[in-house]
């Protein structure tokens, strides 16, 4: 097809809703929020597609959202890319959207490439920022090289434009709209594959590695007694992160090598780290200095950790931690 | 309480938060009244002046990675140089090599990064490789640390162009080449090294790191002796490192591996192996292969299955195997650290001796006999081709610690009687001074005394080291 | 049984390799390595080989120098290696890369399993495996974290999805992309490393492919275009603040809120 014709005939932003055992993945609403913001700019409708068992229950959850129509494909199959592809492609064939947004989740990132190749079009992975330019191109910004480089990417000549979007980056919107959403129910039970999901297992959530955690609360030499670590462990839990320590406390036998950050321990790079009473030895900093957000609390304004901390706070951890816990529990 | 220092303050009284500056990798802990972190030579001089007026001795500190307590203060003032870690200037020479002038507190991690940033595809490096990457250049020079590549790159002096030292008089001296030996390896007793111009040389075009595994120590020893007697060479390559690691060390490393990021990604070592030899070959691929083939044949003769030998190449992979080698001393030190928690008197007890005229097999047998005679546990690793092993006593009690000292003295006596050297690269500091009390020859001590007299008659610098 | 493994050569460090002014990636002088995730894929192939006696063929796409990756794979135990190298392939995005790879494997053999690493350390997309699967019209699964069982005819694996593990069974052919945690890669063997230097590496150019239309490859065959690359906005470094008690706690929670600016919506 002529490129311009194809571009012209493609309209709408389609959002893939991730659905498993009657639950919608939260990233779906983040995508919906972003789709709405983009649609305001490009003056296009927003669509939703979802696949799964008993998927039409999503209807209730969509109430009040700015969606033109929602496509639900019923199937007994648990997620597998080649099967779910059939549902999304059926929907795309019907509405011919200009843009398809999929969550940057395990499921989304497995599904999206098949669809992009099916339509011989562009796919940009793990976007952290989206925009639409004057020509209707989706401007996609994503990190590469382990976050050391940002790239601005467009799909100029083909449609739809596929993007997977990182979780917890886009803001969801509130369901305050009064749209009369059209629901289209289909099924993909006749989709066949020699691959099959034979079981779903609960994940062992007890994976205790500090290297995987997005949030770390780190204790250092400034902690005076072993018992005081309890409040820092509690804080870590309340913040939804993990507890870690500098080598000094491992040396004292208060914490384990598994919890140790530094040259002779673990190298970590969480999204955000807050250190309490960590002075910042060369050995320690070699194990964490790429962390993008470092909050450091230390009573010593000359503490070396303050040289690399984004938020250096000169304060006593014994003053601050109980307040934090109180606040988070409230 | 929140403590905010005054802008121009240089000297801080010792408090709990400076505890970490009272100890180094030897796990020997000292005492001090004050500490400073000078940022340049002027500040060094200002601090020195204040201390001299009050006759307070100054202990110089770099990365605190030393293992004889040289940087651990017994009293007085600590001058920590870790803020003096800048590159001052650099020069690219016509022959493709270069020089880089750094402050003495720069550590090897930063030095390597800066060299890469400045010289890029020129691919230069500074040869001393003590494998402890947080060691500072000043500390390496002060202890004359040789590391794993000394066998081929030889003396550190070859890679220093200029040295600046702040003497006790407060004068900055640019040390002439002839006088390098009054600074290198003198553990800071003649002044504080403030700035160094390093000579960088071209990296070998390729490095291979080969690990041979043996099911018993005797086979490994015979292998090492066979290589020593006829070191394989080729026109375009040479052996750059030849390291031995024994079973106890391997066990310590394997035990720590899951929590050490640097070596976590290496596969587990088969339990049947008693020991390994880690060998680096530097040069061009063809020459390297020639030597590697030769080594493989020799190793096979001594029952090392060539199918089990590892061989890596490329900088990143070599870094990993070097980290594994470095984990040997690191885990031994961690063992001491744990014991020290039970008994503060326990410190590192490691040998740093070499002996020229006996076989590796006889040497290691001597160590094993000693350990079993004294009923002690110890791990052994070190430099194979130089008969230079680091035996680390792993005491379970203070009683065993004392026995360990006795044993090391016994070994040292034997080494001295047989033209050996009892201090090679770790220095004497405070720990070896104690351990070898009465054993170091008068001539040896006198040399230091003369230097001390010449440069620091008031004993301001590093009091307690060597003398 | 035949296994293909896709491996890519990447810069050894991801730190500081962009000229912040020009936005150009500096590669000169920086060492290259085999993508660590792909080495895990190769290890997975070697483990399967230990069970089924499969033959392992490695494919890498890149400049001539990328053959180092194949030599490394040989020194770990791979049987054959192909370097996919043609100036027509330069500048490929996911669509063009996956098309080139699918054309290349089809030109060599019918493989039972194609193994890929989770992602590369330079592109970070984790998309190529699924895209190749679509071109080849075969099923695929990502995030494989365990092999439960493998035979000449089928394979059972466990895949790490968000908050759950999916146990999958599939006949061949299929594409699996593996998590790093699945196996610790073995070290290259000295013996194999020595022989790998003399071992043959076949080259695949545009001429060797079924579809020889160069418009389908490289920059021309790519659907996406990189308009700009630039350094990420780093969190600005603030001055030291003195904030005690409740003030300090509020300040910290505010920082947390701004870092994770969207909250999970309850439905």
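The values are calculated or read from the model by the stated rules, or taken from the named source; none is laboratory data. It should be emphasised that the depicted structure is a prediction, and the values quoted were computed from it without experimental measurement. Ideal geometry is used to build each Cβ from the backbone, glycine not excepted, and the neighbour counts take in all protein chains shown.
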Just to be sure I understand, how many residues within the stretch A:301-324 are more than 7 Å from every other protein chain (Cβ to nearest Cβ) and surrounded by 18 or more Cβ atoms within 10 Å (Cβ to Cβ)?
6
Out of all the residues in the stretch B:363-384, is one or more outside the structural domain of residue B:276 (by TED's automatic domain parsing), surrounded by fewer than 16 Cβ atoms within 10 Å (Cβ to Cβ) and at positive phi?
yes
Taking the stretch C:107-128 on its own, how many of its residues are more than 8 Å from the chain's Cα centre (by Cα) and either in a helix (DSSP H, G or I) or more than 15 Å from residue A:124 (Cβ to Cβ) (or both)?
10
Residue selected from the stretch B:385-409 under the condition in contact (Cβ under 8 Å) with a residue 60 or more places away in the chain and assigned to a strand (DSSP E or B), by the criterion surrounded by the most Cβ atoms within 10 Å (Cβ to Cβ)
B:392
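Residues in the stretch C:220-229 that are within 7 Å of another protein chain (Cβ to nearest Cβ) and surrounded by 14 or more Cβ atoms within 10 Å (Cβ to Cβ): how many? Reasoning before the result, please.
Here is the first cut: in the stretch C:220-229, the residues within 7 Å of another protein chain (Cβ to nearest Cβ) are C:223-229.
Now narrow it down to the ones that are surrounded by 14 or more Cβ atoms within 10 Å (Cβ to Cβ): C:223-227, C:229.
Of the residues in the stretch C:220-229, 6 are within 7 Å of another protein chain (Cβ to nearest Cβ) and surrounded by 14 or more Cβ atoms within 10 Å (Cβ to Cβ).
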State yes or no: is residue A:21 surrounded by fewer than 19 Cβ atoms within 10 Å (Cβ to Cβ), in contact with a helix residue (DSSP H, G or I) (Cβ under 9 Å, 6 or more places away or on another chain) and assigned by TED's automatic domain parsing to the domain that holds residue A:135?
no
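Please determine whether any residue of the stretch B:262-282 is in a helix (DSSP H, G or I) and under 30 Å from residue C:198 (Cα atoms).
At the first step, the residues of the stretch B:262-282 found to be in a helix (DSSP H, G or I) are none.
Checking the stretch B:262-282: not a single residue is in a helix (DSSP H, G or I) and under 30 Å from residue C:198 (Cα atoms).
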Criterion (closer than 24 Å to residue A:140 by Cα, at pLDDT 95 or above, in contact with a helix residue (DSSP H, G or I) (Cβ under 6 Å, 6 or more places away or on another chain) and surrounded by 24 or more Cβ atoms within 10 Å (Cβ to Cβ)) met by exactly one of A:66, A:113:
A:113
Which of the residues belonging to the stretch B:108-157 are within 12 Å of another protein chain (Cβ to nearest Cβ), within 26 Å of residue B:38 (Cα to Cα), in a loop (DSSP other than H, G, I, E, B) and in contact with a strand residue (DSSP E or B) (Cβ under 8 Å, 6 or more places away or on another chain)?
B:133, B:134, B:135
Please enumerate the residues belonging to the stretch C:158-185 that are assigned to a loop (DSSP other than H, G, I, E, B), within 14 Å of chain B (Cβ to nearest Cβ) and touching a helix residue (DSSP H, G or I) at 6+ places or on another chain (Cβ under 6 Å).
C:183, C:185
Identify all residues within the stretch B:86-115 that are at pLDDT below 95, buried (at least 20 other Cβ atoms within 10 Å of the Cβ) and more than 18 Å from the chain's Cα centre (by Cα); write none if there are none.
B:115
All conditions in (1) touching a helix residue (DSSP H, G or I) at 6+ places or on another chain (Cβ under 8 Å); (2) more than 7 Å from chain A (Cβ to nearest Cβ) are true of residue C:200 except (1)
Within the stretch A:116-138, track down each residue that is surrounded by fewer than 21 Cβ atoms within 10 Å (Cβ to Cβ) and assigned to a strand (DSSP E or B).
A:129, A:131
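Quick check, is residue B:235 more than 14 Å from chain A (Cβ to nearest Cβ), surrounded by fewer than 20 Cβ atoms within 10 Å (Cβ to Cβ) and closer than 21 Å to residue B:335 by Cα? Working first, answer last.
Values: more than 14 Å from chain A (Cβ to nearest Cβ): yes; surrounded by fewer than 20 Cβ atoms within 10 Å (Cβ to Cβ): yes; closer than 21 Å to residue B:335 by Cα: no.
When the stated conditions are applied, residue B:235 does not pass them.
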Can you name the number of the only condition in (1) in contact (Cβ under 8 Å) with a residue 60 or more places away in the chain; (2) touching a helix residue (DSSP H, G or I) at 6+ places or on another chain (Cβ under 7 Å); (3) in a loop (DSSP other than H, G, I, E, B) that residue B:105 fails?
(1)
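Which members of the stretch B:295-322 meet the condition of being away from chain C (no Cβ under 11 Å) and touching a helix residue (DSSP H, G or I) at 6+ places or on another chain (Cβ under 9 Å)?
Our first condition is that a residue be away from chain C (no Cβ under 11 Å); within the stretch B:295-322, this holds for B:297-298, B:301-303, B:322.
Once the filter is applied, which keeps residues that are away from chain C (no Cβ under 11 Å) and touching a helix residue (DSSP H, G or I) at 6+ places or on another chain (Cβ under 9 Å), the stretch B:295-322 yields B:297, B:298, B:301, B:302, B:303.
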Taking residue A:99 and the conditions (1) more than 10 Å from chain C (Cβ to nearest Cβ); (2) surrounded by fewer than 24 Cβ atoms within 10 Å (Cβ to Cβ); (3) touching a residue at least 60 places away in the same chain (Cβ under 8 Å), which numbered condition does it fall short on, given that it satisfies the others?
(2)
Of the criteria (1) surrounded by fewer than 21 Cβ atoms within 10 Å (Cβ to Cβ); (2) touching a residue at least 60 places away in the same chain (Cβ under 8 Å); (3) more than 20 Å from residue B:297 (Cα to Cα), which one residue B:132 fails
(1)
Sole miss for residue A:170 among (1) in contact with a helix residue (DSSP H, G or I) (Cβ under 8 Å, 6 or more places away or on another chain); (2) within 26 Å of residue C:145 (Cβ to Cβ) is condition (2)
Could you say which residue among A:167, A:85 is buried (at least 18 other Cβ atoms within 10 Å of the Cβ), more than 7 Å from every other protein chain (Cβ to nearest Cβ), in contact with a strand residue (DSSP E or B) (Cβ under 8 Å, 6 or more places away or on another chain) and touching a residue at least 12 places away in the same chain (Cβ under 8 Å)?
A:167
